[in-house]
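Peer 1: Sharing a structure here in C-alpha cells format.
Just so you know, all these numbers are worked out from the coordinates, no wet-lab data involved. Bear in mind the structure is a predicted one, so any value in this text is a computation, not a measurement. So basically every Cβ, Gly included, is an ideal-geometry build from the backbone, and we count neighbours across all protein chains shown.
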Amino acid sequence: MDERKQLKRSGDGALLGGVCAGIGVRLDIDPALIRVAAIIATFVTGGLGMIIYSLLWLMLPVTPKTRKSEDDFKETSRNAWLIGAGFGVVTLGLLFIFREVGLWWSDALVWPVVLAAAGAGLLWRQFSGPSDSAGNDSGGDGVPGEPPAWATTSETIQPREGSGSTLPPGRRQSRPGRGFGPYRGAFGLALVIGAGVLFLYINGVFDRAGNAALLALTVIVVLALVLAPLWVRLGRNLGRERAERIRSQERAEVAAHLHDSVLQTLALMQKKSDDPRQVSTLARRQERELRDWLSGKTGTEAETSLASALEAAAAEVEDRHGVPIDAVTVGDRPLDERGAALVAASREAMTNAVRYAGDAGTIRLYGEITDGETKVFVRDRGQGFDLESVPEDRRGVRDSILGRMKLNGGFAEVRSTEGEGTEIELTMETK
Amino acid sequence: MSQTRVAIVDDHAIFRAGVRSELESGVEVVGEASTVREAIALVQKVRPDVVLLDVHMPDGGGQEVIRQTLESHPDTRFLALSVSDAPEDVVAIVRSGARGYVTKTISGPELIDAIERVSQGDAVFSPQLAGFVLDAFSGKDEDPVDSELDQLTPREQEVLRLIARGYLYKEIARRLGISIKTVEAHASSVLRKLQLSTRHELSRWAAERDLID
C-alpha cells in the first residue's frame, strides 16, 4: 500500500491546514512551490483559491503528524515569517470572498485587517512555540535535547515510512531564525498596533476625538490579539508545572511507602537471620503487602467479597503462626452472613492444619464460589489423623468447624489419610 | 537414563544461582541467560530439553524468547517461572507456547518434578494456574466460536479442581480411580484449550499483556 497515491492533508510540514503540503506529497513537489502557486491563484481568481483551499481543508482526510514535534520547532524560526505572511494572505483572500458575495462595508478595512492578521500570526507562532524559550528567547528553538511538554505520546515520535515528508526527520541543525526571535515578536506587535492605528486613522477617530467607543474597541481587539498567545503559553506552562508537581509527589509517595514497609522489613530480616522460619514469614507478609499496594488495595478497608475475605483469613493465619498458606479462589460473591460463617470455619480449619501439620510444608486453601454453593478446601501434608479417635474434650474441629457449618446450613467433611495429610472440605449453599 | 538438560533464563543472577543449586541434584543445568537475546542464542547453541523462563525481563520477556525459538526448536519445551500471579501474565505466556507455569515460591523437588514432566511433553499447572483456568472457563461465553475448545469437560474440571486443592498427579489418579497417564492426558488437553481457545476472558487477558509490552 502506497500512502502517497491518495491525496491527503499532511500533518507533517503543514503551515496552515496541511493542504498544500499534502498536494506536494502527492505530486512529489516541494510544498513551497504549491503554496506560492496557491497564493498567486488566489489573487488571480479574486478569492476563488481560498474557497478551494477551504473546501479541500474540509474534505480531505488527514495523515497524522508523524514527525517529531521537536523538528517542527526547529523549523519554527524560518516558518514564523511564512506563517505571518500566510495569515495575512488568507485574510486578504477571505476579504475578497466577502466582497465578491456582497458582504461588504468598506474598502478602508482591508489593510488594517490584513496587517493585524499577519501580525497576530507572527505573534501566535512566536509565543505558542516552546514555552522554555521565555528567558533566553533564541528564535523559538528552545533547548534542542528537550522534547516539548506535550509531545509525550510515543506515537508522535515514530517516523513512518512513506509519509513523504520532504524534510529528513531529526536532522535539522541549521537554525536560520536564531537570534531573530525578539525582533520577530516586536515586528508582529508593531504590525498589530500599526493596524489598529491605521484603522483608527482611516475611520477618522484622530480628527473627531469624540468617538471613544470605537477607540476603546480597537484597543481591546489589539490587546486581545497581542495577549492571546501569551495567555495560551502561560496556560501550557502552568499545565506542565502541575504535571511536574504531580510526578514528584508520586515519587515521594513511593519512596515513603518503600521506606515504611520494604526497608523496615529488610532490616528486621537481617536481625532475625538466624531464624529461617521468621525470615520466611516476614518475607511473605511483605510480599503480600507489596502486591496489595501495587494492585491498589489499601488493606485497611473491611473485606466485602467472599473471595477476598477467604484470602485475608489465610494471610491472617499465616501471619499469626508463621506457616505459609497458599490461597487460590475461583469466582466471587458479596460477603453475607453465611459467607462470614464460612470464612470463620475456614480460618479455624487453617489454624487446625497449622497446629497439626505446620512443619510439613505449605498449607493450601482452595475456595470455589459458584452460583449455587461455595466450597472451601483446606489441605495439609501432615501425618493425618482419625476423627473418631479425637477425644470428646478436644472441641476445636467438632465445634468450630463442623458445628459452625451445620448451624449456618452448610456441612463439613474431614478426610485424613495417615502419612498423606488431611483435607477439610466445607460446603455452604448460597441463597 | 540421561538427565534432563535445563537452561535457566532470568535477569536476576542471584535467583539463577539459587535455582541452579536447587536443581543440580536432579537435572543437568546446561546454561544460563539473563536477556532475551542471550536466551535465544543459548537455545540455538546448547539445545536444552527444557528452558526455565522468567516472564518479565527488561528486553521483552519470556514470550519473546518462545516466539523466536519455538518454531526452529520444536523439541525444546518451555516452563514459565515467575513471581507474578497476575492472570494476564500467566495466560499470555502459556498461550505463546509454554508447557506450564509455576511460581517462584515452588520448592526444589517440586520444580524438578515439573521440569521432568514438561520434558516428557506433559503440562504443568500450579494450583494458581489451575484456579485461573477454572475461572476463565467458568460461566457462559457469550460467543463461543468453537464449543469444543471453549468448554472444559466435567472430568477436566475435576482434575483442575484437585490440582488447585494441592493434589499431586498420582493422588488425583488414585482419587478419581484413573491412571496417572489419563490425568496427564486431561492436563495436556486443558493446556491445549488454554492455548487455542478464543474465549473472551483468555483473549482479553492476552491482549492486555500485549498492550503493556
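Peer 1: Partner chain Cβ atoms within 10 Å, averaged over the residues of A:318-330 - can you pull that number for me? Don't skip to the answer; put the middle values down first.
Peer 2: Working: counts 0, 0, 0, 0, 0, 0, 1, 0, 6, 3, 14, 4, 12.
What the average comes to for A:318-330 is 3.
Peer 1: Let me have the 222 nm mean residue ellipticity of chain B computed from DSSP H runs of 4+ only, each contributing -39500 (n - 2.57), with the sum over all residues rounded to the nearest 500.
Peer 2: -16000 deg cm²/dmol
Peer 1: Let me ask something else about it. Which order do B:MET57, A:MET269 fall in if you start with the one that has the fewest other Cβ atoms within 10 Å?
Peer 2: A:MET269, B:MET57
Peer 1: Where does each of B:16-26, B:2-12 land if you order them by average Cβ count within 10 Å, highest first?
Peer 2: B:2-12, B:16-26
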